[in-house]
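Inspection log for the structure reproduced underneath, given as structure tokens.
The values are calculated or read from the model by the stated rules, or taken from the named source; none is laboratory data. Bear in mind the structure is a predicted one, so any value in this text is a computation, not a measurement. Glycine gets a Cβ as well: all are built from the backbone with ideal geometry, and neighbour counts include every protein chain shown.
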Amino acid sequence: MRALGHFWTGSCHATAELMSAQLENEVPLTQRGRVRRHLARCAACQAVLRSLERVVAELRTLRRDDDAPFPSVADAVVARVRREELGAPR
Ligand SMILES: [Zn+2]
């Protein structure tokens, strides 16, 4: 079943894309299982997911406080992940 393994759990790259979409409820149910299975066995993607969840929580707070336009979730996620990769303190 090795050939099916990749299809079943997806790659890190595909999982990262699906995770950000999933946080905005844009992922079909059929894909959510794949993300979950990948996360179950991939520590790197688990760390990315925690980072994404923090970003989304912060954006929701901003949305509540202020109706002014601000960068999309995707932009904020990219900025946050870059910062964390550089090891900058919060
Ligand atoms: Zn991964």
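Of note:
- Residues located in the stretch 41-58, provided they are in contact (Cβ under 8 Å) with a residue 24 or more places away in the chain, near the ligand (Cβ under 10 Å from one of its atoms) and not β-branched (Val, Ile, Thr): Arg41, Cys42, Ala44, Cys45, Leu49
- The numbered conditions (1) modelled with pLDDT under 85; (2) within 15 Å of the ligand (Cβ to nearest atom) are all true for Arg64 except (2).
- Pairs meeting the criteria (first residue in the stretch 16-39 and more than 15 Å from the ligand (Cβ to nearest atom), second residue part of a loop (DSSP other than H, G, I, E, B), beta carbons under 7 Å, at least 6 apart or on different chains) are Ala21/Val27.
- The set of residues from the stretch 1-26 being among the hydrophobic types (A, V, I, L, M, F, W, C), over 8 Å from the mean Cα position of the chain (by Cα) and modelled with pLDDT of 80 or more comprises Cys12, Ala14.
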